[in-house]
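Undergrad: Once you've had a glance at the structure underneath, I'll fire off some questions.
The values are calculated or read from the model by the stated rules, or taken from the named source; none is laboratory data. Note that the structure is a prediction, hence the values are computed from the model and not measured. Because the Cβ atoms are built from the backbone with ideal geometry, glycine has one as well, and the counts that use them run over all protein chains shown. Just the protein is used for accessible areas: all its heavy atoms, side chains included, with ligands, DNA and RNA removed. Shrake-Rupley method; radii C 1.70, N 1.55, O 1.52, S 1.80 Å.
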Protein chains: 4
Amino acid sequence: MTLPSPDSGAAPDTASDTTRGPDVLAELTGAVRAFAAERHWEPFHTPKNLVMALSVEASELVEIFQWMTPEQAAGVMADRDVGEHVREEVADVLAYLLGLCDVLGIDPAQALRDKMVKNARKYPAPQAPDED
Amino acid sequence: MTLPSPDSGAAPDTASDTTRGPDVLAELTGAVRAFAAERHWEPFHTPKNLVMALSVEASELVEIFQWMTPEQAAGVMADRDVGEHVREEVADVLAYLLGLCDVLGIDPAQALRDKMVKNARKYPAPQAPDED
Amino acid sequence: MTLPSPDSGAAPDTASDTTRGPDVLAELTGAVRAFAAERHWEPFHTPKNLVMALSVEASELVEIFQWMTPEQAAGVMADRDVGEHVREEVADVLAYLLGLCDVLGIDPAQALRDKMVKNARKYPAPQAPDED
Amino acid sequence: MTLPSPDSGAAPDTASDTTRGPDVLAELTGAVRAFAAERHWEPFHTPKNLVMALSVEASELVEIFQWMTPEQAAGVMADRDVGEHVREEVADVLAYLLGLCDVLGIDPAQALRDKMVKNARKYPAPQAPDED
């Protein structure tokens, strides 16, 4: 059994699920789905509403940083309260992103792997890649 | 050894890495980091800039849906081109989210697990959870 | 005296500048500028920070509407509290937009007139305009 | 007849319309409304869709600035092409803001005057205002 190199990155991934074991994204997606279902929120979780909610949560992250200097922003996690606030907004963005993928039938990990292949063509690395 | 119930969701997860196998989020984070490093983009990838980029990508998702009726939005993946566009923007949001977590030292999966515990208190489920 | 053909765009405007009297946008811009100056906020009101703040306020508008059906959204002003909330967020967006224009030296009214001329070329009206 | 002091700002304005002459915001709102009507876009211009479009345009402004240093951002208008891009995105934000106000029956200028009264209470100026 070969482990996929975690740095292969831009390469399309053909590893089987059994190689990988339970997927953290699948775990989190299941948790997000159950959370909404238990509260009967599915009727609100349409794709259009979820993209709105996702962008709102992303803006709540922006709000934390909007008046900071680059230096203050770089040290944001050193402040316990602000750091926890950032962590919570990151979680909200991830929750809506996974919820959106769930209702649309998108595999976010594979979407990102595919996008990185495309981006690698669009923005070629200035030097030979790290295999050399 | 017990596997974590995939629906436990709100519960902090203490399962060992070997239970889970290689973490897809760690794999993707490594790929995103390598991609930026190969292009010498790290100086631009400050926390402040990354939250801006994240919100911009979230808005590119919103742009796809902004003039659609709820019905059109629900069927968006049936159109091959629009569906691929959605998939790419989802990937961009995930890439910047992981890049942001990487520079800030946040574990996005654990952040979401913790946030769901907090949300479960804030929004109690109207009924007994599904274990009953 | 010649009428300013303000690039008449789509614009049914035939008023001369003297007809117009004090410009409401100039009035509001002056008020926004004075408000920031009295609080010594100018160092924070850089272009980069102001575009962030503008997008955050726009998202606060989105947040009000994100879970509404189209019908609920259409009737939003009938609810006194929600309507007032919408009105306040509209005000915040306008405040940051005028503040941004002020620091960048942009005349927002002329920018919009010019953009409408460009848009009219990009999206030609399907029929003869209403003058016919 | 007294002209409203252009710097009165935070004060609710009770000046009659004849004092002010044709209002530039009314002019622009009329132009935005006519532009949409000529293209039969009204069915798309629901409040929910318009707030989405507004936030998307605000993000297009953010996109211009996202990788800039504060210094680069401060000098953005010195580059003719980038400056024109900023001006166009400002125009798009203003267009959707006025379109939204139009369909919701909001007077954006009065909304901002009212909001500044409220903000002045929330954030008292550290010193006596400039009238003293």
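Undergrad: Taking the residues in the stretch B:44-59 that are hydroxyl-bearing (Ser, Thr, Tyr) and closer than 13 Å to C:Ser59 by Cα as candidates, determine which candidate is farthest from the chain's Cα centre (by Cα).
TA: Pass one, the stretch B:44-59, residues hydroxyl-bearing (Ser, Thr, Tyr): B:46, B:55, B:59.
Then drop every residue that is not closer than 13 Å to C:Ser59 by Cα, which leaves B:55, B:59.
Details: B:Ser55: 13, B:Ser59: 15 Å.
So the residue we want is B:Ser59.
Undergrad: Search the stretch C:85-105 for residues being open to solvent by 50 Å² or more (accessible area, probe 1.4 Å) and farther than 16 Å from D:Cys101 by Cβ, and hand back the single one that is nearest to the other protein chains (Cβ to nearest Cβ).
TA: Here the residue is C:Gly105.
Undergrad: Another question, then. Could you say which residue among B:Ala37, B:Ala74 is at negative phi, open to solvent by 30 Å² or more (accessible area, probe 1.4 Å) and at pLDDT below 95? Before you say what the answer is, go through the steps one by one.
TA: On the way: B:Ala37 fails: at pLDDT below 95.
That would be B:Ala74, the only listed residue that is at negative phi, open to solvent by 30 Å² or more (accessible area, probe 1.4 Å) and at pLDDT below 95.
Undergrad: In addition: Kindly evaluate B:Leu112 against the criterion of being more than 14 Å from chain D (Cβ to nearest Cβ), crowded, with 23+ Cβ neighbours inside 10 Å and farther than 20 Å from A:Asp114 by Cβ. Write out each step before concluding.
TA: Values: more than 14 Å from chain D (Cβ to nearest Cβ): yes; crowded, with 23+ Cβ neighbours inside 10 Å: yes; farther than 20 Å from A:Asp114 by Cβ: yes.
The answer is yes for B:Leu112.
Undergrad: Does any residue in the stretch B:82-106 that is on the phi > 0 side of the Ramachandran plot come within less than 9 Å, Cβ to Cβ, of a residue that is of a type in the set (A, V, I, L, M, F, W, C) six or more places away or on a different chain, and which pairs are these?
TA: Close Cβ pairs satisfying both conditions: B:Gly105/A:Met77.
Undergrad: Among the residues of the stretch C:56-84, write down those that are more than 21 Å from A:Thr46 (Cβ to Cβ) and away from chain A (no Cβ under 14 Å).
TA: Answer for the stretch C:56-84, where residues must be more than 21 Å from A:Thr46 (Cβ to Cβ) and away from chain A (no Cβ under 14 Å): C:Met77, C:Ala78, C:Asp79, C:Arg80, C:Asp81, C:Gly83, C:Glu84.
Undergrad: Quick one: would you say B:Pro43 is surrounded by fewer than 23 Cβ atoms within 10 Å (Cβ to Cβ) and at pLDDT 95 or above?
TA: Working: surrounded by fewer than 23 Cβ atoms within 10 Å (Cβ to Cβ): yes; at pLDDT 95 or above: yes.
So B:Pro43 fits the description; yes.
Undergrad: Out of curiosity, is A:Ala36 more than 7 Å from every other protein chain (Cβ to nearest Cβ) and small (Gly, Ala, Ser)?
TA: Numbers: more than 7 Å from every other protein chain (Cβ to nearest Cβ): yes; small (Gly, Ala, Ser): yes.
When the stated conditions are applied, A:Ala36 passes them.
Undergrad: Restricting attention to the stretch B:25-34, and to residues there that are surrounded by 19 or more Cβ atoms within 10 Å (Cβ to Cβ) and farther than 16 Å from A:Tyr123 by Cβ, which single residue is nearest to the chain's Cα centre (by Cα)?
TA: Quick first cut of the stretch B:25-34, residues surrounded by 19 or more Cβ atoms within 10 Å (Cβ to Cβ) only: B:25, B:27-29, B:31-32, B:34.
Adding the requirement that they be farther than 16 Å from A:Tyr123 by Cβ leaves B:25, B:27-29.
Numbers: B:Leu25: 9, B:Glu27: 14, B:Leu28: 11, B:Thr29: 11 Å.
Checking each candidate, the answer is B:Leu25.
Undergrad: Answer yes or no as to whether D:Ala120 is modelled with pLDDT of 95 or more and within 15 Å of the chain's Cα centre (by Cα). Reasoning before the result, please.
TA: Details: modelled with pLDDT of 95 or more: yes; within 15 Å of the chain's Cα centre (by Cα): no.
No.
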